[in-house]
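**Student:** Take a look at this one; I'll ask things after.
The values are calculated or read from the model by the stated rules, or taken from the named source; none is laboratory data. Quantities reported herein were computed from a predicted structural model and do not represent experimental measurements. Because the Cβ atoms are built from the backbone with ideal geometry, glycine has one as well, and the counts that use them run over all protein chains shown.
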Amino acid sequence: MTEQATRLSDYLAGKPYLNYVYSYPHKTSYRDFETPRSLRDYWADEDKRSLFLYLHIPFCEMRCGYCNLFTTTNPEQDLVTDYLAALERQVQVTAEFLQHDFHFEQLAFGGGTPSYLLPEQLQSCFDLLEQHLQVKQLPASVEVSPATADHERLAVLKAAGVERISMGVESFDAADLKALGRPQTPALVDSALHAIKDSGIPRLNIDLIYGSANQSLQSWLYSVDQALAWSPEEIFIYPLYIRPLTGLGRKARQETEDQRLTAYFAARERLLDAGYEQSSMRMFTRSDAPAQTGRYRCQEEGMIGLGAGARSYTRSLHYSGHYAVTKPQIRQIIQDYINTPSANFAQAHYGIEIGSEDQRRRYVLLGLLQVSGIAFDEYQQQFQRKLLEDIPQLTLLVDQGLAVIREHDIRLTEKGIAYSDLIGSWLFTNTIRDRMQAWEWQ
């Protein structure tokens, strides 16, 4: 384990923020397949009784300075109409290759900003999912922006059974918002949050970002307190990452002391004192919040992603459309998606095949970065292997005070959870790490 020990020591000698780790393998490890993969063949042997359904809407009213998501701004309505028509064709083909032997547990609309769509366009998305995939009143989460969370759109979402709204407020401080390149005003945020509360949708999440230029600990905790004043069921706190080709990434950056770790611990203390429970480095849930309905474990079960920019997962194949950050490239990919022949939606042209080692590594990474950790018996039941014999490098985390091994499980310590992104990056296999490093941003 010499290589792993050296890499961990090197990582710990630097900053705890390497990459935003939320999935594995990362999308920058995807490549074009020399031969398209038949999705009917790959899904044929999957357990499709508990799938996650994701719909990607790659449109926003403005691109924020830190954003590297697959989205474009202020599209012409003709482009939106053509996109939704292509989306319906993809949904039809998806129903065919799944062979009607499937069940979805949960639904999410992401982007971009799904609520950028007009109310009637949002309704059409739910209609086509019901018509072709028999998805109706499914527990759903939808991302909204302060500018688009109005009563008309929220009424459509409520009627469709949406039970969770997630809004990227990011900050309640005007100087922070300017540094992040966010377009909203406090009055707009206030109006949107009132509309969400009035909608009757039972679960609200507020996203906040720490680490922007010139953000003080006082201004950060002001935002945390303002979020708490709305008593949302969830609050997600994200460290700021400045990525290539984003608005902030293009600007010359002045070196300042990195206060993100201090900000994280200060917010964590404030949220725990307010009665929130921590699930991961980012997620805090109000202790009396109603439980979400629908059962889905992303370590074990598959996901169907629909739309340009959406990813899909089987056990051995992760696939999507192409990914880019710059506006011309994104626009071209969206146009290519619109022009895709229906038959091509039954094939994967871009992605990565996942061998047994990376399947196990995915399970470990997604489980370990949760406060609940990994149960040894569940890992053995899943893979017929003992976890610490299979991935002995995990014991190095214990040596560094980042994890504890108990009789039945392994969990990250308080420090380990704070260093989740570092630990996640450290757990990448060399194959995936090499593919990510070879990625060319565009």
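**Student:** ARG362 - would you say it is assigned to a loop (DSSP other than H, G, I, E, B), of a type in the set (D, E, K, R) and either touching a His at 6+ places or on another chain (Cβ under 6 Å) or on the phi < 0 side of the Ramachandran plot (or both)?
**Tutor:** no
**Student:** Quick test for you: out of LEU422, LEU427, pick the one residue that is outside the structural domain of ARG282 (by TED's automatic domain parsing) and touching a Pro at 6+ places or on another chain (Cβ under 6 Å).
**Tutor:** LEU422
**Student:** Might you check whether a residue that is at pLDDT 95 or above, in contact with a helix residue (DSSP H, G or I) (Cβ under 6 Å, 6 or more places away or on another chain) and in the same structural domain as GLY65 (by TED's automatic domain parsing) occurs anywhere in region 182-197?
**Tutor:** Yes.
**Student:** Looking at region 41-61 only, could you name the residues that are in a loop (DSSP other than H, G, I, E, B), surrounded by fewer than 22 Cβ atoms within 10 Å (Cβ to Cβ) and in contact with a Ser or Thr (Cβ under 6 Å, 6 or more places away or on another chain)?
**Tutor:** Listed by number, the list holds a single entry, GLU46.
**Student:** Let me ask something else. Does PHE33 fit the bill of being more than 17 Å from the chain's Cα centre (by Cα), outside any loop (DSSP other than H, G, I, E, B) and not polar (S, T, N, Q)?
**Tutor:** yes
**Student:** Looking at (1) hydroxyl-bearing (Ser, Thr, Tyr); (2) part of a helix (DSSP H, G or I); (3) closer than 30 Å to GLN259 by Cβ, which is the one condition that is false for SER372?
**Tutor:** (2)
**Student:** Hey, can you tell me all the residues within region 167-190 that are among the polar types (S, T, N, Q) and either in contact (Cβ under 8 Å) with a residue 60 or more places away in the chain or farther than 23 Å from LEU122 by Cα (or both)?
**Tutor:** Scanning region 167-190 gives SER171, THR185.
One line per residue, one yes/no per condition, for (1) closer than 26 Å to CYS67 by Cα; (2) of a type in the set (A, V, I, L, M, F, W, C); (3) in contact with a helix residue (DSSP H, G or I) (Cβ under 9 Å, 6 or more places away or on another chain):
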residue	(1), (2), (3)
MET281	yes, yes, yes
THR293	no, no, no
LEU317	no, yes, yes
TYR337	yes, no, yes
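**Student:** ARG153 is checked against (1) among the basic types (Lys, Arg); (2) modelled with pLDDT of 95 or more; (3) over 25 Å from THR71 (Cα atoms) and fails just one. What number does that condition carry?
**Tutor:** Condition (3) is where ARG153 drops out.
**Student:** Still on this structure, I have one more. Looking at SER223, SER219, can you tell me which residue is buried (at least 20 other Cβ atoms within 10 Å of the Cβ) and either part of a helix (DSSP H, G or I) or in the same structural domain as HIS151 (by TED's automatic domain parsing) (or both)?
**Tutor:** Only one candidate qualifies: SER223.
**Student:** Against the condition buried (at least 19 other Cβ atoms within 10 Å of the Cβ), within 20 Å of the chain's Cα centre (by Cα) and touching a residue at least 60 places away in the same chain (Cβ under 8 Å), how does GLY321 come out, does it pass?
**Tutor:** When the stated conditions are applied, GLY321 does not pass them.
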